[in-house]
Amino acid sequence: MTSPLIQIDRAEKTYRIGEIRVPAVRGVSLTIDNGEFIAITGASGSGKSTFMHLLGCLAQLDAGTYRFEGKSIESYSRAQLAALRNRRIGFVFQSFNLLARTTILENVALPLAYQSVRRDERRKRAAAMLERVGLGDRMKHHSNQLSGGQQQRVAIARALVTRPPIVLADEPTGNLDSKTSAEIMRLLSEMNRDEGVTIVLVTHEQDIAAFANRHVVFRDGVVASDELQRNEILVPV
Ligand code: ADP
Ligand code: MG
């Protein structure tokens, strides 16, 4: 049984730069069920990142409605939105966004500090997540001492350490070579399959999108197609 995690109805977002208006998302409706693995593709400028910002409550809709776990977020205060982002949504970016001169253990533990989790418990949970992504032997390394693929593993561990039901990943393999990209995709697929984490991933590569079990295509700020697909079989490395 699946239940809706996110229900977005007729979402619109327009950027305003002085007199110029740039409509980026022009009426997108999407329901995301718990446990789904969705890939979003589409040409550059088609509104994918803007839509991910709306999904992640990093920006507000100009029009339309957004319900997260059944609750309408339109009336949420800034503090309530921040709490939702911190506790219920994990973010993974193309550029990793790790603190450079900080150990990867501290990087991964950081989201728990915002939840007032005690220091020893933070470290314990961060260490367990780093083991899970295959970096148990690197905990004391600084993030800038790791390869791109390793840094993205750290970012995935940081996104998942709070046990959010959903992870949003915008071009997570955009800075990685194809072999490393496949490893990162296998890791995300495992998290989806084994831990039930819902994943929404933006990519411009068809072979990356093939790992998902639903494929949404954006065109000029609207959904051009939305189809279920059989996902890539997890081949052990
Ligand atoms: P994608 O991620 O699919 O490449 P974006 O959501 O980044 O698309 O962009 C959609 C449209 O909005 C594009 O025309 C882009 O130029 C414009 N846009 C994106 N971000 C901004 C911004 N911060 N200010 C103004 N226009 C923006
Ligand atoms: Mg983008």
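So here's what we get for this one:
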read-out: Integer Hz, Karplus 6.51/-1.76/1.60 couplings in order for the stretch 175-191, x for Gly and Pro; value: 9, 10, 6, 5, 5, 5, 4, 5, 5, 5, 5, 5, 4, 5, 4, 4, 4
read-out: Amide H partners (placed H, <5 Å) of Ala24, local residues excluded; value: Lys13, Thr14, Tyr15
read-out: Under the Debye formula (equal points on every Cα, no solvent term), log10 I(q)/I(0) of the stretch 58-112 at q = 0.13, 0.17, 0.28 Å⁻¹; value: -0.47, -0.71, -1.21
read-out: For the stretch 134-154 versus the stretch 37-53, the gap between their alpha-carbon centres in whole angstrom; value: 28 Å
read-out: Accessible area of the stretch 58-139 divided out per residue, in Å², using a probe of 1.4 angstrom; value: 58 Å²
read-out: Computed over the stretch 17-96, Cα set: Rg, Dmax in Å; value: 13.7, 42
read-out: Eligible lysines near Lys140 by straight Cα distance, threshold 21 Å, same-chain separation 8 or greater; value: Lys124
read-out: Those aspartates and glutamates that a straight Cα-Cα span of less than 16 Å connects to Lys71, excepting residues fewer than 8 apart in one chain; value: Asp9, Asp33
read-out: Under 25 Å from the Cα of Lys179 - lysines, other chains or at least 8 residues apart; value: Lys48
read-out: D_trans [Stokes-Einstein, Kirkwood Rh over alpha-carbon pairs] for the stretch 77-158, 25 °C, 0.890 mPa s, µm² s⁻¹; value: 190 µm²/s
read-out: All-pairs Cα distance distribution in the stretch 147-226, expressed in whole percent, bin size 5 Å; value: 3, 14, 27, 25, 17, 10, 4, 0
read-out: On Cα atoms only, tilt of 119-132 relative to the major axis of the chain in degrees; value: 80 degrees
read-out: Contour minus Cα-Cα distance for Asn97 and Asp120 (0.36 nm per residue); value: 5.9 nm
read-out: Descending principal axes extents, the chain, alpha-carbon based, whole Å; value: 49, 43, 40
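The values are calculated or read from the model by the stated rules, or taken from the named source; none is laboratory data. Note that this is a predicted model, so its numbers are computed, not measured. Side chains are part of the model used for accessible areas, which takes the heavy atoms of the whole protein and leaves out ligands, DNA and RNA. Shrake-Rupley method; radii C 1.70, N 1.55, O 1.52, S 1.80 Å.
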